[in-house]
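Reading through the structure tokens given below for one structure.
All of the numbers you see were taken from the coordinates with simple rules; none came from a lab. Here the structure is a predicted model, which is why all the values come from computation and not from measurement. Virtual Cβ from ideal backbone geometry, glycine too; neighbours counted across all protein chains shown.
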Amino acid sequence: MIEEKKETPKTPIKKALSKPIQFQAFVIWMATPEPLREPLTQKELALKIGVGQDTLSEWKQRNDFWKRVELEWNAWGREKTNNVVARFYQKIISKDVTTADFKLWFQFFLEWKEKTEIAHSGEIKLAETKVFQIITSKSDKEINDIIIGRNNRDIKVQGNH
């Protein structure tokens with residue numbers, strides 16, 4: 001009997017975590033901004049949690065790693081948001097305030113959005129099928145009102161006149 005040679009898969013199969021607590025510690029450490037990390041280096045972290053640096057590198061390749069880092073980062077940031085807003089408020093009421101500060105305040109707290117203007121020259125045409133659909137869906141009176149401009153809430157086409 002000839003034994004078949006099995007091919008090694010090109011993409012390694014991700015196995016279950018053997019050290020989920022250390023994995024989560026690494027996720028949290030990665031989500032922490034560098035100046036606030038303890039320990040400061042990945043090498044020191046590997047020693048502290050009892051895994052090799054290669055293990056940390058392998059964990060970074062897992063499909064779920066960066067999504068978990070992002071979730072931790074978002075949680076970390078949410079906890080700090082009140083302090084950031086308070087600091088921003090102190091700045092915006094000071095003499096050092098900039099136009100960008102006002103813009104950010106209005107965007108965040110008042111949902112303000114910048115106006116977008118589009119320059120256009122030429123005609124604006126509706127596709128014939130769209131016009132046909134609009135016309136056939138309206139009564140004669142509605143079409144007449146649209147044409148003479150009494151009720152133009154259904155069709156709004158603007159262009160340079």
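Restricting to lysines 8 or more places apart or on different chains, can you count the pairs in the stretch 20-110 with Cα atoms under 27 Å from each other?
12
Using only Cα atoms, figure out Rg for the stretch 20-110 and give it as a multiple of 2.2 N^0.38 Å.
Cα Rg divided by the expected 2.2 N^0.38 Å: 1.48.
Tell me, what ³J(HN,Hα) does each residue in the stretch 48-64 have, in order and in whole Hz, if you take phi through Karplus 6.51 cos²θ - 1.76 cosθ + 1.60 with θ = phi - 60° and put x for Gly and Pro?
3J(HN,Hα) across the stretch 48-64, in whole Hz: 5, 9, x, 10, x, 5, 4, 4, 4, 5, 5, 4, 5, 8, 5, 4, 8.
Taking loop as defined by DSSP and a crowding limit of 14 other beta carbons within 10 Å, which GluC sites (Glu not before Pro) in the stretch 46-116 fit?
Working: sites: E58, E70, E72, E79, E111, E114; in loops: E111, E114.
Loop-located and lightly packed - E111, E114.
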